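Worksheet: one structure, shown below.
The values are calculated or read from the model by the stated rules, or taken from the named source; none is laboratory data. Keep in mind that this is a model prediction, so the values were computed, not measured. Here the Cβ positions follow ideal geometry from the backbone for every residue, glycine too, while neighbour counts run over all protein chains shown.
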Amino acid sequence: MPENAGYLAAGPRVGLRHFTQEDGAEFTERARESRSLHEPWLFPPGSADAYARYAGRLIEDPTKAGFLVCERDSGAIAGFININNIVAGGFLCGALGYGAFAHAAGRGLMTEALDLVVRYAFGELGLHRLEINVQPGNTGSIALARRCGFRREGFSPDFIHIDGAWRDHERWAITSEMTGPR
């Protein structure tokens, strides 16, 4: 792979790039392979039609920014991180959602990628605050938030509708002041 391969941001092992419709086959194959890792917390698109709708929203909606996490040595998609519900004005905030794919899980790639997304959000996007809402039993996601410097700010019962029910969530956040100079 070329050194920067068109990445928006890159670290030693991963690069971030935006979603494209052309990524559908690889993304959905990885999502299907990773079902046991994701469920019951996350349900990324596993079919071509579902991916086309999902990526279309990330590409076209200005209140969203989607990033594919790619391994720099191979270009393979290792996971994804999305900033949803981006609000401008006095708020300058967005809500993060993310998932690693099974072949990349446990290798530290998502930690590197989330750090890159935080820098990109506070730099390029000009945001001030990022939030992560995590179901209390999702210990892997909570550990990632903690490793990347997010602080636990509270608990919200019946907060997000997932898999047919309203689920409790812990609220984690980071602000630009917490990250130091970029």
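Picking from residues in the range 122-133 that are among the aliphatic types (A, V, I, L, M) and buried (at least 21 other Cβ atoms within 10 Å of the Cβ), the one that is nearest to Leu8 (Cα to Cα) is Leu127. So, of the residues in the range 33-57 that are in contact (Cβ under 8 Å) with a residue 60 or more places away in the chain and assigned to a helix (DSSP H, G or I), which turns out to be nearest to Glu22 (Cα to Cα)? Out of the qualifying residues, it is Glu33.
Taking the range 169-182, which residues are in contact (Cβ under 8 Å) with a residue 60 or more places away in the chain and either in a helix (DSSP H, G or I) or surrounded by 12 or more Cβ atoms within 10 Å (Cβ to Cβ) (or both)?
Thr179, the sole residue that qualifies.
Among the residues making up the range 87-121, those that are among the β-branched types (Val, Ile, Thr) and crowded, with 22+ Cβ neighbours inside 10 Å are Val117, Val118.
For every residue, the table says whether it meets (1) among the hydrophobic types (A, V, I, L, M, F, W, C); (2) out of contact with any His (no Cβ under 9 Å at 6 or more places or on another chain); (3) closer than 28 Å to Pro157 by Cα.
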position: Pro40; (1), (2), (3): no, yes, yes
position: Arg53; (1), (2), (3): no, yes, no
position: Pro62; (1), (2), (3): no, yes, no
position: Phe80; (1), (2), (3): yes, yes, yes
position: Ile83; (1), (2), (3): yes, yes, yes
position: Gly99; (1), (2), (3): no, no, yes
position: Arg129; (1), (2), (3): no, yes, yes
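Among the residues examined, Trp166 does not qualify as within 18 Å of Ile81 (Cα to Cα), outside any loop (DSSP other than H, G, I, E, B), aromatic (Phe, Trp, Tyr) and modelled with pLDDT of 95 or more. Taking the listed residues Ser74, Ser156, Ser141, the one that is polar (S, T, N, Q) and surrounded by 18 or more Cβ atoms within 10 Å (Cβ to Cβ) is Ser141, with no other qualifying.
Name the residues in the range 36-54 that are in contact with a Gly (Cβ under 7 Å, 6 or more places away or on another chain) and of a type outside the set (Phe, Trp, Tyr), would you?
Once the filter is applied, which keeps residues that are in contact with a Gly (Cβ under 7 Å, 6 or more places away or on another chain) and of a type outside the set (Phe, Trp, Tyr), the range 36-54 yields His38, Leu42, Pro44, Ala48, Ala52.
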